[in-house]
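The values are calculated or read from the model by the stated rules, or taken from the named source; none is laboratory data. The shown structure was predicted, so the numbers you read here are calculated from the model rather than taken from an experiment. When we count neighbours, we look across all protein chains shown, and the Cβ atoms used for this are built from the backbone with ideal geometry, even at glycine.
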(Lines give C-alpha, C1' and ligand atoms only; values in the text may rest on other atoms or scores of the structure.)
Protein backbone atom coordinates (compact mmCIF):
# COMPACT_ATOMS: atom_id res chain seq x y z
CA UNK A 1 0.00 0.00 0.00
CA UNK A 2 1.42 3.40 -0.95
CA UNK A 3 1.07 6.66 0.91
CA UNK A 4 -0.87 9.00 -1.35
CA UNK A 5 -0.21 12.06 0.82
CA UNK A 6 2.24 14.58 -0.54
CA UNK A 7 3.93 17.14 1.66
CA UNK A 8 3.85 20.52 0.00
CA UNK A 9 6.30 23.01 1.49
CA UNK A 10 4.63 26.09 2.91
CA UNK A 11 5.42 29.55 1.63
CA UNK A 12 7.36 31.70 4.07
CA UNK A 13 4.74 33.94 5.77
CA UNK A 14 7.46 36.35 6.88
CA UNK A 15 7.52 37.88 3.39
CA UNK A 16 3.93 39.08 3.78
CA UNK A 17 4.32 40.05 7.43
CA UNK A 18 7.46 42.10 6.84
CA UNK A 19 6.12 44.07 3.89
CA UNK A 20 2.81 44.73 5.67
CA UNK A 21 4.71 46.04 8.68
CA UNK A 22 7.34 47.89 6.66
CA UNK A 23 5.12 49.74 4.22
CA UNK A 24 2.72 50.93 6.93
CA UNK A 25 5.62 51.93 9.17
CA UNK A 26 7.29 53.95 6.41
CA UNK A 27 4.11 55.92 5.71
CA UNK A 28 3.46 56.77 9.37
CA UNK A 29 7.15 57.50 9.96
CA UNK A 30 7.15 60.06 7.15
CA UNK A 31 4.47 61.90 9.15
CA UNK A 32 6.32 61.46 12.48
CA UNK A 33 9.54 62.74 10.89
CA UNK A 34 7.73 65.84 9.61
CA UNK A 35 8.26 64.98 5.94
CA UNK A 36 4.50 64.60 5.40
CA UNK A 37 1.96 66.77 7.25
CA UNK A 38 0.30 65.51 10.44
CA UNK A 39 -2.99 65.96 8.59
CA UNK A 40 -2.03 62.88 6.57
CA UNK A 41 -2.68 60.49 9.48
CA UNK A 42 -6.23 59.68 8.23
CA UNK A 43 -4.58 58.17 5.13
CA UNK A 44 -2.59 55.82 7.37
CA UNK A 45 -5.65 54.52 9.24
CA UNK A 46 -7.19 52.28 6.53
CA UNK A 47 -3.71 51.02 5.65
CA UNK A 48 -3.05 50.28 9.32
CA UNK A 49 -6.30 48.32 9.64
CA UNK A 50 -5.98 46.32 6.42
CA UNK A 51 -2.35 45.88 5.43
CA UNK A 52 -0.40 46.67 8.59
CA UNK A 53 -2.96 45.03 10.88
CA UNK A 54 -4.91 42.31 9.10
CA UNK A 55 -2.12 41.04 6.84
CA UNK A 56 0.34 40.80 9.73
CA UNK A 57 -2.14 38.84 11.82
CA UNK A 58 -2.70 36.48 8.88
CA UNK A 59 1.08 36.11 8.55
CA UNK A 60 1.35 35.49 12.30
CA UNK A 61 -1.30 32.76 12.18
CA UNK A 62 0.56 31.17 9.27
CA UNK A 63 3.74 31.26 11.37
CA UNK A 64 1.91 29.17 14.01
CA UNK A 65 1.27 26.59 11.27
CA UNK A 66 5.00 26.31 10.50
CA UNK A 67 5.92 26.20 14.22
CA UNK A 68 7.72 29.56 14.23
CA UNK A 69 7.08 30.92 17.73
CA UNK A 70 9.05 34.11 17.10
CA UNK A 71 7.26 34.94 13.84
CA UNK A 72 3.83 34.13 15.26
CA UNK A 73 4.38 36.32 18.32
CA UNK A 74 5.89 39.21 16.37
CA UNK A 75 3.43 39.38 13.48
CA UNK A 76 0.29 38.87 15.57
CA UNK A 77 1.53 41.45 18.09
CA UNK A 78 2.38 44.14 15.55
CA UNK A 79 -0.80 43.44 13.60
CA UNK A 80 -2.66 44.14 16.84
CA UNK A 81 -0.51 47.26 17.33
CA UNK A 82 -1.71 48.68 14.01
CA UNK A 83 -5.34 47.96 14.93
CA UNK A 84 -4.81 49.62 18.32
CA UNK A 85 -3.25 52.67 16.68
CA UNK A 86 -5.96 53.00 14.03
CA UNK A 87 -8.84 52.45 16.47
CA UNK A 88 -7.34 54.91 18.97
CA UNK A 89 -7.24 57.66 16.34
CA UNK A 90 -10.63 56.74 14.88
CA UNK A 91 -12.39 56.60 18.25
CA UNK A 92 -10.71 59.76 19.55
CA UNK A 93 -11.25 61.64 16.29
CA UNK A 94 -14.96 60.80 16.22
CA UNK A 95 -15.71 61.49 19.87
CA UNK A 96 -16.19 57.84 20.85
CA UNK A 97 -13.46 58.16 23.46
CA UNK A 98 -11.87 61.21 25.07
CA UNK A 99 -8.09 61.10 25.37
CA UNK A 100 -7.69 64.80 26.14
CA UNK A 101 -7.08 63.98 29.82
CA UNK A 102 -5.02 60.85 29.18
CA UNK A 103 -1.78 62.70 29.96
CA UNK A 104 1.25 60.52 29.35
CA UNK A 105 -0.78 57.32 28.84
CA UNK A 106 -0.26 57.12 25.06
CA UNK A 107 3.47 57.65 25.57
CA UNK A 108 3.58 54.93 28.22
CA UNK A 109 1.73 52.60 25.83
CA UNK A 110 4.38 53.27 23.17
CA UNK A 111 7.11 52.56 25.74
CA UNK A 112 5.41 49.24 26.56
CA UNK A 113 5.42 48.36 22.86
CA UNK A 114 9.13 49.16 23.04
CA UNK A 115 9.57 46.70 25.92
CA UNK A 116 7.88 43.97 23.86
CA UNK A 117 10.12 44.84 20.93
CA UNK A 118 13.23 44.82 23.12
CA UNK A 119 12.55 41.28 24.28
CA UNK A 120 11.84 40.16 20.71
CA UNK A 121 15.09 41.83 19.63
CA UNK A 122 16.97 39.52 22.02
CA UNK A 123 15.46 36.59 20.10
CA UNK A 124 16.90 37.95 16.85
CA UNK A 125 20.42 37.27 18.12
CA UNK A 126 19.86 33.75 16.71
CA UNK A 127 18.12 34.92 13.52
CA UNK A 128 19.22 36.79 10.40
CA UNK A 129 21.07 40.07 10.61
CA UNK A 130 18.29 41.90 8.79
CA UNK A 131 15.81 40.85 11.52
CA UNK A 132 18.34 41.93 14.15
CA UNK A 133 18.53 45.38 12.54
CA UNK A 134 14.73 45.68 12.14
CA UNK A 135 14.03 44.95 15.80
CA UNK A 136 16.96 47.06 17.03
CA UNK A 137 15.72 50.12 15.15
CA UNK A 138 12.10 49.38 16.14
CA UNK A 139 12.58 49.25 19.90
CA UNK A 140 14.58 52.48 19.81
CA UNK A 141 11.86 54.02 17.60
CA UNK A 142 9.21 53.14 20.19
CA UNK A 143 11.43 54.58 22.93
CA UNK A 144 11.83 57.89 21.10
CA UNK A 145 8.14 58.12 20.13
CA UNK A 146 7.05 57.21 23.66
CA UNK A 147 9.31 59.79 25.28
CA UNK A 148 8.31 62.37 22.67
CA UNK A 149 4.63 61.76 23.37
CA UNK A 150 5.07 61.87 27.16
CA UNK A 151 7.12 65.07 27.17
CA UNK A 152 5.64 66.85 24.16
CA UNK A 153 9.16 67.05 22.69
CA UNK A 154 8.63 67.13 18.93
CA UNK A 155 12.36 66.68 18.29
CA UNK A 156 12.18 63.20 19.86
CA UNK A 157 9.09 62.41 17.79
CA UNK A 158 10.82 63.57 14.59
CA UNK A 159 13.92 61.53 15.46
CA UNK A 160 11.67 58.51 16.10
CA UNK A 161 10.08 59.13 12.72
CA UNK A 162 13.44 59.09 10.95
CA UNK A 163 14.49 55.91 12.74
CA UNK A 164 11.08 54.42 11.94
CA UNK A 165 11.77 55.12 8.26
CA UNK A 166 14.97 53.09 8.51
CA UNK A 167 13.14 50.31 10.37
CA UNK A 168 10.27 50.15 7.87
CA UNK A 169 12.68 50.21 4.93
CA UNK A 170 14.69 47.34 6.45
CA UNK A 171 11.45 45.34 6.83
CA UNK A 172 10.54 45.97 3.20
CA UNK A 173 14.07 44.94 2.18
CA UNK A 174 13.69 41.74 4.22
CA UNK A 175 10.42 40.92 2.45
CA UNK A 176 12.01 41.70 -0.91
CA UNK A 177 14.87 39.34 -0.09
CA UNK A 178 12.60 36.48 1.00
CA UNK A 179 10.37 36.79 -2.09
CA UNK A 180 13.25 37.20 -4.53
CA UNK A 181 15.35 34.38 -3.05
CA UNK A 182 12.36 32.02 -3.00
CA UNK A 183 11.48 32.89 -6.60
CA UNK A 184 15.02 32.35 -7.87
CA UNK A 185 15.62 29.31 -5.67
CA UNK A 186 18.92 30.71 -4.43
CA UNK A 187 20.29 33.69 -2.50
CA UNK A 188 20.10 36.71 -4.76
CA UNK A 189 19.37 39.28 -2.05
CA UNK A 190 21.57 38.84 1.05
CA UNK A 191 19.74 38.88 4.37
CA UNK A 192 22.69 38.15 6.64
CA UNK A 193 21.64 34.60 7.43
CA UNK A 194 24.54 34.07 9.83
CA UNK A 195 23.15 34.77 13.30
CA UNK A 196 24.70 37.34 15.63
CA UNK A 197 25.12 34.61 18.27
CA UNK A 198 25.73 31.14 16.89
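General remarks:
- Residues in region 94-107 that are loosely packed, with under 14 Cβ neighbours inside 10 Å and either under 30 Å from residue 133 (Cα atoms) or in contact (Cβ under 8 Å) with a residue 12 or more places away in the chain (or both): 1 in all.
- Subset of region 89-109 (residues that are under 21 Å from residue 157 (Cβ atoms) and outside any loop (DSSP other than H, G, I, E, B)): 89, 90, 92, 93, 105, 106, 107, 108, 109
- Residue selected from region 29-66 under the condition outside any helix (DSSP H, G or I) and in contact (Cβ under 8 Å) with a residue 12 or more places away in the chain, by the criterion farthest from residue 143 (Cα to Cα): 66
- Verdict on residue 150 being more than 18 Å from the chain's Cα centre (by Cα) and either under 20 Å from residue 48 (Cα atoms) or surrounded by 16 or more Cβ atoms within 10 Å (Cβ to Cβ) (or both): yes
- Positions within region 129-159 being outside any helix (DSSP H, G or I) and in contact with a helix residue (DSSP H, G or I) (Cβ under 8 Å, 6 or more places away or on another chain), in sequence order: 153
- Meets criteria (more than 18 Å from residue 31 (Cα to Cα), surrounded by fewer than 21 Cβ atoms within 10 Å (Cβ to Cβ) and modelled with pLDDT of 95 or more) for residue 179: yes
- Of all the criteria given as (1) at pLDDT 95 or above; (2) more than 15 Å from residue 133 (Cα to Cα), the one not satisfied by residue 185 is (1).
- Counting only residues that are farther than 24 Å from residue 125 by Cβ, part of a loop (DSSP other than H, G, I, E, B) and in contact with a helix residue (DSSP H, G or I) (Cβ under 6 Å, 6 or more places away or on another chain), region 160-198 holds 1 of them.
- Among residues of region 1-24 that are on the phi > 0 side of the Ramachandran plot and modelled with pLDDT of 95 or more, none has a beta-carbon under 9 Å from a residue that is assigned to a loop (DSSP other than H, G, I, E, B) and crowded, with 20+ Cβ neighbours inside 10 Å at least six positions away or on a different chain.
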